[in-house]
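> Shown below is the structure under consideration.
The values are calculated or read from the model by the stated rules, or taken from the named source; none is laboratory data. All values reported here derive from a predicted model rather than from experimental measurement. Glycine gets a Cβ as well: all are built from the backbone with ideal geometry, and neighbour counts include every protein chain shown.
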Amino acid sequence: MRLTSPDFSAGGAIPIKHTCDGLDVSPALRWDEVPEGTKSFALTLTDPDAPMEWTHWLVCDLPAEARMITEGGPVPTGAKEIRNDFGKEAYGGPCPPSGEHRYYFTLYALDTEHLLARKENFLELCKKHLIEKVVLMGRYRLGSEG
């Protein structure tokens, strides 16, 4: 499976408009080379460089036929956004308190159509139903021109 964004390259700088310094809109994401048996997808955006890993975005029940999320959303019909560490059911862009942080978009191909997840059990359920996962990492430094 492959996950890409037309907005930034793997390991590259996430543009300012996708962060708390800018418009705070999600970047466009595209995926292909989906494994057989995929019934849905789940997506996370996490910052492992925060003092405690910070969850910026949780999406489940992305339909098996979905292959993209457009810039700024909305998520595809049928998908469900789960409450993140900002306390909202939506994308929350990079917003490091200091220094450069890494941000991991992880896409999970799952063997179930409905995850019935909440923040507390999201990753556990993804692991239980996992067929394959792929990661796209971007970087951001507060106040940078990304």
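> If I filter region 32-86 down to residues being in contact (Cβ under 8 Å) with a residue 60 or more places away in the chain and within 19 Å of residue 18 (Cα to Cα), which single residue comes out as surrounded by the fewest Cβ atoms within 10 Å (Cβ to Cβ)?
Out of the qualifying residues, it is 71.
> Out of everything in region 10-22 that is part of a loop (DSSP other than H, G, I, E, B) and either of a type in the set (A, V, I, L, M) or free of Cβ contacts under 8 Å to residues at least 40 places away in the same chain (or both), what residue ends up being farthest from residue 57 (Cα to Cα)?
10
> Next question, about the same structure. How many residues are assigned to a loop (DSSP other than H, G, I, E, B) and in contact with a Phe, Trp or Tyr (Cβ under 8 Å, 6 or more places away or on another chain) when one looks only at region 44-58?
Adding up the residues that qualify gives 1.
> Any chance region 32-42 includes a residue that's under 15 Å from the mean Cα position of the chain (by Cα), closer than 17 Å to residue 141 by Cβ and at pLDDT 95 or above?
Within region 32-42, not a single residue is under 15 Å from the mean Cα position of the chain (by Cα), closer than 17 Å to residue 141 by Cβ and at pLDDT 95 or above.
> Residues in region 83-94: is at least one at pLDDT below 95, of a type in the set (D, E, K, R) and touching a strand residue (DSSP E or B) at 6+ places or on another chain (Cβ under 8 Å)?
Looking through region 83-94, none of the residues is at pLDDT below 95, of a type in the set (D, E, K, R) and touching a strand residue (DSSP E or B) at 6+ places or on another chain (Cβ under 8 Å).
> Restricting attention to region 126-144, report how many residues are touching a residue at least 12 places away in the same chain (Cβ under 8 Å), more than 15 Å from the chain's Cα centre (by Cα), over 25 Å from residue 9 (Cα atoms) and not in a strand (DSSP E or B).
Result for region 126-144: 1.
> So for region 72-83 (the condition being farther than 26 Å from residue 35 by Cα, part of a loop (DSSP other than H, G, I, E, B) and more than 14 Å from the chain's Cα centre (by Cα)), does at least one residue qualify?
No, region 72-83 contains no residue that is farther than 26 Å from residue 35 by Cα, part of a loop (DSSP other than H, G, I, E, B) and more than 14 Å from the chain's Cα centre (by Cα).
> Restricting to region 97-111, name every residue that is surrounded by 17 or more Cβ atoms within 10 Å (Cβ to Cβ) and touching a residue at least 60 places away in the same chain (Cβ under 8 Å).
The answer is 103, 105, 106, 107, 108, 109, 110.
> For residue 21, work out the one condition from (1) in contact with a strand residue (DSSP E or B) (Cβ under 8 Å, 6 or more places away or on another chain); (2) buried (at least 18 other Cβ atoms within 10 Å of the Cβ) it doesn't fulfil.
(1)
> A further question on this structure: Looking at (1) crowded, with 20+ Cβ neighbours inside 10 Å; (2) part of a strand (DSSP E or B), which one does residue 93 not meet, given that it meets all the others?
So residue 93 meets the others, but not (2).
> Let me ask something else about it. State all residues of region 95-125 that are in contact with a His (Cβ under 8 Å, 6 or more places away or on another chain) and over 27 Å from residue 15 (Cα atoms); if no residue qualifies, say none.
Residues satisfying the conditions are 110, 111, 112, 115.
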